[in-house]
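Asker: Just dropping this structure here.
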Amino acid sequence: MQTETIQISSAEKLFDLSKTASTIEYEGRELSIEWLNEYHSELNLYHSQYLLLDNKILVISSEGIPNPLDIKKAIRHIELLYKKKGIKGVDVIWDVKFNEIPSIRVRKALIHGNKQLSKLLRKRYLVLSRQFNSLAQTFKFIYQGKVKDLYFSGSVDEALKNILFHQHAEHAIPADSASSIPSRKDLLEKSKEELVDIIDKYRKSYETSKNKVVDAIGQISWKGKIKKIGFDAHENESNFELINAFSLLQHDVGEIIKEYKELNQNLELKVAERIVDFIDKESNLRAILDNSDRVIWLMNTRYELIDFNVAFLNEIKKRYKKKPKINQNVLEIMTDEREQLIWMDRFESALKGKPGIYLDQDNYDNLDRVLEIKTFPIREIGKIKGVAVYIEDITELKDSQFRLIEKNRDLEKVNSELDSFVYRVSHDLRAPLTSILGLISLMKIETNHEKISEYIGLQEKSVKKLDMFIKEIINLSRNSRLGITVSNIDFDELLNEIFESQHYTKDAEEIKRICEIEDGLSFFTDRQRLSIILNNLISNSLKYMDPQEKDPFVKVQVAMEKEECIIRVSDNGIGISEVYLPKIFEMFFRATKDFSGSGLGLYIVKETVEKLKGRISVKSKTREGSTFQVRLPNLKDRYDAAPKLED
Ligand code: ADP
């Protein structure tokens with residue numbers, strides 16, 4: 001590298017020199033120049049540059065206001081430079097270009113740093129611009145004799161000349177000069193008289209009111225504490241007014257500080273009380289939140305979690321296999337895009353100030369659940385700061401609500417049925433009874449034997465009608481009251497029994513009876529109920545025969561289909577009009593007046609089929625015939641599980 005010697009007349013702009021310069025010629029002296037690493041603060045705009053002159057003068061130029069950490073780091077930087085270069089005992093010129101007064105914290109850090117640097121350095125020249133002279137003055141005053149080898153200088157040039165030529169420039173005043181107290185070493189060399197003189201002079205110089213004021217201001221500005229000084233300034237003293245004003249100010253500031261300290265103490269106490277209170281409340285709230293079965297979470301306007309309860313934590317862990325964290329975005333936890341969109345809509349509407357209630361049908365993990373979701377905007381001083389969400393599993397509630405509605409419907413049906421039932425029963429019971437009573441009164445006055453036996457025949461008919469009706473009612477009540485007794489069904493035997501009992505019905509003999517029962521059929525159900533079903537269907541088919549039909553028949557077909565028994569009862573009777581078909585299973589409904597009956601039969605059939613968990617359907621056409629089809633489940637399992645008599 002080419003070496004370059006640059007002539008300079010002033011040392012003010014050393015750092016503006018070309019970095020290729022290796023030597024400078026200054027005031028007739030050649031000085032080597034070496035550039036060292038710079039320091040840049042990471043925290044603010046503060047930065048320092050370093051260069052070494054002739055291996056014995058360190059020049060530093062700092063710009064910006066450092067903070068205490070910067071000062072620590074800058075000093076560490078100098079220490080490292082020293083270690084690396086292996087030099088010690090150099091002089092330092094530190095050009096500090098403050099543009100505002102550094103804070104007390106920074107000033108304290110500077111003093112501390114100074115102590116450390118004094119171990120490595122010899123003389124330290126702090127170059128301060130004029131406007132900070134007063135700061136330097138107060139420093140000198142309160143640290144008099146305590147800080148060694150520190151000088152304040154007005155310019156780099158001045159400081160450099162002082163080092164090189166030991167000339168005391170105008171402003172290069174030792175920091176402890178204000179006290180004019182010689183160093184301890186110097187004092188030891190003095191005679192007793194000289195010492196008394198020095199102490200006296202020092203006392204006198206200090207005792208002036210002006211010095212006291214400077215001292216007090218120094219205390220405040222460098223140590224941040226008020227040192228109370230009593231003044232008795234003489235009226236003829238210069239600056240008398242100013243000193244008195246300061247005395248007043250000092251008193252007032254003292255009072256204010258005292259008050260402030262008391263206030264502060266009270267405030268701290270209050271804050272402590274509030275914190276305890278807050279912690280209490282917070283833990284109470286937490287207990288409430290965490291003991292709730294509901295999933296609860298709070299989030300800010302960016303959907304980030306502010307807080308959540310244990311139920312939320314568990315739900316997220318179970319559903320998404322994730323552990324939610326405070327500040328985490330709620331939408332990011334969800335994996336399904338559709339789900340995210342649905343929730344975003346809900347959040348947005350709450351963030352607009354609208355609380356919401358939503359019902360979700362949930363089928364996570366094959367578990368059908370009904371979830372009630374409530375969203376509330378969180379308001380703080382009128383502004384919406386987030387959303388609170390509550391989710392409650394209301395499956396059971398909904399189920400029981402549903403059951404209740406069904407029960408109610410059933411009850412209503414039973415009630416209306418009961419009404420018409422009572423009416424019909426009383427009517428249908430009374431009709432034959434009235435007819436019997438009428439016939440009896442006729443018989444009382446009748447002497448003709450033939451007539452009497454005719455009346456008896458009519459009475460028998462009425463009694464049979466009554467008996468029939470009462471049987472039907474008994475069947476009905478039995479069906480609803482009694483439990484199911486399952487047994488293996490022998491259809492041959494059962495159908496024989498039924499046809500046998502229907503034998504006496506009018507014209508019954510003319511009707512062909514066909515039974516088609518599947519071979520090897522094995523079917524289990526309640527025999528008595530099945531008998532009621534078949535009895536009613538068969539008796540209807542026999543009753544509603546078409547008198548014009550030449551080959552009337554009733555056909556019963558029984559077959560198994562999977563686990564169901566299918567029973568078909570068909571005829572070629574009068575059939576049922578399409579208009580009436582939907583109503584024929586209703587209580588007391590009758591589609592014709594040409595035949596006698598109560599209108600209870602098919603109602604009983606339907607109720608009984610339902611009791612056996614089966615279904616019934618009908619196909620019919622007027623003048624062609626009807627087919628009733630009953631499907632009944634095989635109750636073999638129930639039979640197998642039931643305790644047997646021999647057990
Ligand atoms: P009823 O006591 O009148 O027979 P049901 O409840 O047994 O009462 O029947 C209701 C109505 O359905 C009857 O009045 C009749 O009009 C019609 N019905 C039932 N079964 C048949 C059938 N096999 N053929 C024609 N009509 C029928």
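Asker: Would a scan of the stretch 71-86 turn up a residue that is at pLDDT 85 or above, of a type in the set (A, V, I, L, M, F, W, C) and touching a helix residue (DSSP H, G or I) at 6+ places or on another chain (Cβ under 8 Å)?
Answerer: No, there is no match, as no residue in the stretch 71-86 is at pLDDT 85 or above, of a type in the set (A, V, I, L, M, F, W, C) and touching a helix residue (DSSP H, G or I) at 6+ places or on another chain (Cβ under 8 Å).
Asker: Give the residues of the stretch 268-296 that are among the hydroxyl-bearing types (S, T, Y) and in a loop (DSSP other than H, G, I, E, B), sorted by residue number.
Answerer: S292
Asker: Same structure, new question: One residue is enough: does the stretch 7-19 have a residue meeting the conditions assigned to a strand (DSSP E or B) and in contact with a Ser or Thr (Cβ under 8 Å, 6 or more places away or on another chain)?
Answerer: Scanning the stretch 7-19, I find no residue that is assigned to a strand (DSSP E or B) and in contact with a Ser or Thr (Cβ under 8 Å, 6 or more places away or on another chain), so the answer is no.
Asker: Additional query: Please verify whether the stretch 521-529 includes one or more residues that are within 14 Å of the ligand (Cβ to nearest atom), part of a helix (DSSP H, G or I) and either over 60 Å from the mean Cα position of the chain (by Cα) or not charged (D, E, K, R) (or both).
Answerer: no
Asker: Which one of the conditions (1) part of a helix (DSSP H, G or I); (2) hydrophobic (A, V, I, L, M, F, W, C); (3) within 24 Å of E372 (Cβ to Cβ) does M299 fail to meet, given that it meets all the rest?
Answerer: That leaves (1) as the condition not met.
Yes/no matrix, rows are residues, columns are (1) more than 27 Å from R294 (Cα to Cα); (2) loosely packed, with under 10 Cβ neighbours inside 10 Å; (3) without any contact (Cβ under 8 Å) to a residue 24 or more places away in the chain; (4) not small (G, A, S):
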| site | (1), (2), (3), (4) |
| --- | --- |
| G356 | no, no, yes, no |
| L367 | no, yes, yes, yes |
| D393 | no, no, no, yes |
| K398 | no, no, no, yes |
| I405 | no, no, yes, yes |
| D419 | yes, no, yes, yes |
| I440 | yes, no, yes, yes |
| E446 | yes, no, yes, yes |
| I452 | yes, no, yes, yes |
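Asker: For the structure I just gave you, tell me whether S620 is in a strand (DSSP E or B) and within 11 Å of the ligand (Cβ to nearest atom).
Answerer: yes
So that you can scan it fast, the table gives a plain yes or no per residue for (1) basic (K, R); (2) under 56 Å from the mean Cα position of the chain (by Cα); (3) farther than 30 Å from N488 by Cβ; (4) buried (at least 21 other Cβ atoms within 10 Å of the Cβ):
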{"position": "I567", "(1), (2), (3), (4)": "no, no, no, yes"}
{"position": "E578", "(1), (2), (3), (4)": "no, no, yes, no"}
{"position": "G599", "(1), (2), (3), (4)": "no, no, yes, no"}
{"position": "K621", "(1), (2), (3), (4)": "yes, no, yes, no"}
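Asker: So in the stretch 628-647, with the set limited to residues that are buried (at least 17 other Cβ atoms within 10 Å of the Cβ) and in contact with a Ser or Thr (Cβ under 6 Å, 6 or more places away or on another chain), which one is farthest from E472 (Cα to Cα)?
Answerer: Here the residue is L635.
Asker: Hey, another quick one. Given the structure, is I111 part of a helix (DSSP H, G or I) and more than 25 Å from K225 (Cα to Cα)?
Answerer: no
Listed here are the residues, each with its yes/no results for (1) more than 17 Å from L537 (Cβ to Cβ); (2) modelled with pLDDT of 90 or more; (3) among the β-branched types (V, I, T).
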| residue | (1), (2), (3) |
| --- | --- |
| V556 | no, yes, yes |
| E561 | yes, yes, no |
| N572 | no, yes, no |
| E586 | no, yes, no |
| S598 | no, no, no |
| L612 | no, yes, no |
| T627 | no, yes, yes |
| D640 | yes, no, no |
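Asker: Which residues, taken from the stretch 472-483, are part of a helix (DSSP H, G or I) and either loosely packed, with under 13 Cβ neighbours inside 10 Å or in contact (Cβ under 8 Å) with a residue 60 or more places away in the chain (or both)?
Answerer: E472, I473, I474, N475, L476, S477, N479, S480, R481
Asker: Restricting attention to the stretch 589-608, which residues are assigned to a loop (DSSP other than H, G, I, E, B), among the charged types (D, E, K, R) and either closer than 19 Å to T627 by Cβ or more than 6 Å from the ligand (Cβ to nearest atom) (or both)?
Answerer: The answer is K593, D594.
Asker: Report every pair of residues separated by at least 6 positions or lying on different chains whose Cβ atoms are under 6 Å apart, first residue within the stretch 229-240 and aromatic (F, W, Y) and at pLDDT 70 or above, second surrounded by 12 or more Cβ atoms within 10 Å (Cβ to Cβ) and part of a loop (DSSP other than H, G, I, E, B).
Answerer: Filtered contacts from the stretch 229-240: F240/A233.
Asker: Let me ask another. I'd like the residue in the stretch 540-588 that is aromatic (F, W, Y) and near the ligand (Cβ under 9 Å from one of its atoms) and, out of all such residues, is farthest from S501 (Cα to Cα).
Answerer: Y580
The values are calculated or read from the model by the stated rules, or taken from the named source; none is laboratory data. None of these values were measured; they are calculated from a predicted model. Heads up, the Cβs are rebuilt from the backbone with ideal geometry, glycines too, and the neighbour counts pull from every protein chain shown.
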